[in-house]
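Inspection log for the structure reproduced underneath, given as structure tokens.
Since every read-out is calculated from the coordinates, none of them should be taken as a lab result. Keep in mind that this is a model prediction, so the values were computed, not measured. Every residue, glycine as well, gets a Cβ built from its backbone with ideal geometry; the counts of neighbours run over all protein chains shown.
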Amino acid sequence: MKVKKLIALAVIMVVALSFAAAQNKIVWKSSGHGPASDPSQIFHDEVCKAITKATGGRLEVKPFVGGSIVPAYKEVDAINDNVLQMGYTCPMYNLDKWPAAGLISSRPGALAGEVLSSWFNYAGGADLMNKMMTGYNVFTFPGAISPLPAEVFFHSKVKITKVSDLKGLRVRCMGDGGEVMKKLGASVVIINGGDLYESMQRNVIDAFEYSTLASNWNMHFNEVAKYVILSPIRAPSDPQVFFINKTAWEKLPEDLQVIVKEIISSYTQKQHEYLIAESIKALDKFKAAGCEVYRLPVEVDVAVAKAADEFYTAKAAKEKPIFAEIYNSMKAYGEAYELMK
């Protein structure tokens, strides 16, 4: 009889503990910004799963594909409103709120990947981004940036060999890079990454930028664009950043905060290294598929750099002080880095 009572008591305790664990479980929703095939979206999903596993399910982070919870590129707004508690997206998609966001993004004249990561993690870059986001219930932290390899300059139906070839060209180019392209005469449109393939098929655009060679091969862009034009001048890196809702973060126990930071930092570095390796492989794949892969002529490189310098000099003079603070910090860091090479 006593044995039965002990067994019954044990069962009750297990049920009670399970109920308590369920009651204390924290659930977050997190969204990437791209389609399911995008490597950044894949890494985002892996981060969510890794956090859930490492915390023993105490913090369950549910991953969502870009555009499935809120419109694509509106992830940070959703994090601010606590519709999402976390998100992985490009800073430049938030130019409507923070003009300086385009500086920490795939912009002309930006820092190359490893230099950008160093600046963000160890030279105050993350702090400057948080200062930029003052007044919003959103923050980031060192280690939360993944500085992808340089973007493809353009996937194009038209061969670009001189500056005049950009005039009137219908291009998809996001953020400040789009503004610089406008200065060179291009007709710039904003199109979601998931719609690029169809837009090229339907002749809505002639050319587009999107991401790295690795990402773009997985999007089958070889089927809609004959020319793969390479140059780091328009986007030396294609950084994406993890953003988190401040209130949700403050509710996390300290040990869970440590786990989240460590896992994100680990995966952002892994993604950077992985995409360098995969982009090298993709280079040969594009060639084998019949695309003409070539380096953008120096004449166009120089013109893009000049237009970018004029654009940012003028913008820094009229924007809020944080713009010049971020721009000058990045510029000084890049110049110091160049001295060591």
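Observations on the structure shown:
- The chain - mean residue ellipticity at 222 nm from DSSP helices (-39,500 (n - 2.57) per run, n ≥ 4, rounded to 500): -15500 deg cm²/dmol
- Antiparallel beta bridges, as assigned by DSSP with both residues in the chain, represent about 50 percent of the total such bridges.
- Put simply, the amide H of residue 148, placed in the peptide plane, has neighbours under 5 Å in 238, 240, leaving out anything fewer than 5 places away on its chain.
- Computed over all pairs of different Cα atoms, the Kirkwood value for the hydrodynamic radius of region 22-180 is 17.4 Å.
- Cross-link check: pairs 183/281; 182/246; 25/261; 183/331; 49/74; 285/306 evaluated at a Cα-Cα cut-off of 29 Å; pairs beyond the cut-off: 183/281; 182/246; 285/306.
- Separation of alpha-carbon centers, region 212-235 and region 55-82, rounded to whole Å: 28
- Computed over the chain: relative contact order in percent, which uses C-alpha pairs under 8 Å that are six or more apart: 22
- For the peptides 158-165, 250-257, 304-311, residues were scored by their other Cβ atoms within 10 Å and the scores averaged per peptide; the highest-first order is 304-311, 158-165, 250-257.
- Built amide H within the under 5 Å cut-off of residue 189, gap 5+: 171, 172, 173
- Over every Cα atom in region 105-151, the radius of gyration and the widest Cα-Cα span, Dmax, amount to 11.1, 32 Å.
- In order through region 36-42: 3J(HN,Hα) via Karplus (6.51 cos²θ - 1.76 cosθ + 1.60), integer Hz, x for Gly, Pro: 4, 7, 5, x, 5, 5, 4
- Amide H contacts under 5 Å for residue 234: none, restricted to partners 5 or more places along the chain or on a different chain, H placed in the peptide plane at 1.01 Å from N.
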